[in-house]
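*Asks:* Next up is a structure, given as structure tokens.
Taken together, the values in this text are just the output of simple stated rules run on the coordinates, not laboratory data. Quick caveat, the model's predicted, so the values are computed rather than measured. Every residue, glycine among them, receives a Cβ derived from its backbone with ideal geometry; neighbour counts consider all protein chains shown.
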Amino acid sequence: MTLYLIRLHTAIKDGSTHKADFFIDCTGFKGLLINKVMNEPFIDMSDYLLCDAAVATAIPHDDNANGLEPYTSAIAMNSGWTWKIPLLGRFGSGYVYSSKFLDKDNAAHEFLNLWNLDEKKVRSLIL
């Protein structure tokens, strides 16, 4: 693997720019920085990573009544792991699992049971 040191800057809507030596691409699967700006190819690591699917949903949270959790949680599950990320007024949460050992319906059931949620719509993702 070859590492490159490159310089990037961001252009803001008002026309200003910001220069930095380190950027974090938080655009998820879109990968705007790595895919669009740097044109880096996707590297398939499925031979090494067992977890290849996820179910996710937003969990309502009353920050004023229940307080804030200023940290991300990772929780071990039967066929993978769950994340819980605090957001304003809700948590983002999902269950990353191996489709070789669990189908999406059972993954959704296990995930919703973790949070004591009855029927709630979850998004299914293939990683």
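*Asks:* Within the chain, what is the longest stretch that has no chymotrypsin sites (Phe, Trp or Tyr not before Pro) placed in a DSSP loop and near at most 11 other beta-carbon atoms within 10 Å? Could you put the intermediate results ahead of the total?
*Replies:* Working: sites that count: Y4, F22, F42, Y48, Y71.
For chymotrypsin sites (Phe, Trp or Tyr not before Pro) (loop position, at most 11 other Cβ atoms within 10 Å), the longest site-free span of the chain is 72-127.
*Asks:* Loop only by DSSP, 14 or fewer other Cβ within 10 Å of the Cβ. Give me the trypsin sites (Lys or Arg not before Pro) in segment 72-127 that pass, ordered by residue number. Mind showing how you got there, number by number?
*Replies:* Numbers: sites: K84, R90, K100, K104, K120, K121, R123; in loops: K100, K120, K121.
Qualifying residues, ordered by number: K100, K120, K121.
*Asks:* Here is a follow-up. Return the long-range amide H neighbours of F91 (sequence gap of 5 or more, or a different chain), with a cut-off of under 5 Å between placed amide H atoms.
*Replies:* The answer is I59, H61.
*Asks:* So if each residue of separation counts as 0.36 nm, and I subtract the Cα-Cα distance between L114 and N66, what length gain in nm does that give?
*Replies:* Numbers: separation 48, 0.36 × 48 = 17.28 nm, distance 1.84 nm.
Taking 0.36 nm per residue and subtracting the Cα distance, the gain is 15.4 nm.
*Asks:* Using 20 Å as the Cα-Cα cut-off, could you pick out the over-long pairs in K36/K104; K13/K36; K84/K121?
*Replies:* Over 20 Å Cα-Cα: K36/K104.
*Asks:* What ³J(HN,Hα) values, in whole Hz, does the Karplus curve 6.51 cos²θ - 1.76 cosθ + 1.60 give for segment 32-47 when θ = phi - 60°, with x put for Gly and Pro?
*Replies:* In residue order, the calculated couplings are 4, 6, 6, 7, 8, 7, 8, 6, 7, x, 6, 9, 6, 10, 5, 5 Hz.
*Asks:* Out of residues 5 or more away from A53 or on other chains, whose amide H comes under 5 Å of its own, with H placed 1.01 Å from N in the peptide plane?
*Replies:* When sequence neighbours closer than 5 places are left aside, the close amide H contacts are Y97, S99, L127.
*Asks:* Shifting gears a bit: How about K120: which aspartates and glutamates have a C-alpha closer than 14 Å to its C-alpha, ignoring those fewer than 8 places off in the same chain?
*Replies:* D105, E110
*Asks:* Then there is this: As an exercise, use a Förster radius of 30 Å and the Cβ-Cβ distance of L32 and I85 to find the FRET efficiency, rounded to the nearest 0.05. List each step's numbers first, then the result.
*Replies:* Details: r = 20 Å, r/R0 = 0.66.
With a Förster radius of 30 Å, E is 0.90.
*Asks:* Once you order the gyration tensor axes a ≥ b ≥ c over the Cα atoms, which shape class does the chain get: rounded for a/c under 1.5, otherwise prolate or oblate by comparing a/b with b/c?
*Replies:* Working: a/c = 2.66, a/b = 1.39, b/c = 1.92.
Judged from the Cα gyration tensor, the chain comes out oblate (a/c at least 1.5, b/c at or above a/b).
*Asks:* In addition: Output ³J(HN,Hα) for segment 103-108: one whole-Hz value per residue in order, computed from phi by the Karplus curve 6.51 cos²θ - 1.76 cosθ + 1.60 with θ = phi - 60°, and x for Gly and Pro.
*Replies:* Each residue of segment 103-108 in turn: 8, 5, 5, 6, 5, 4 Hz.
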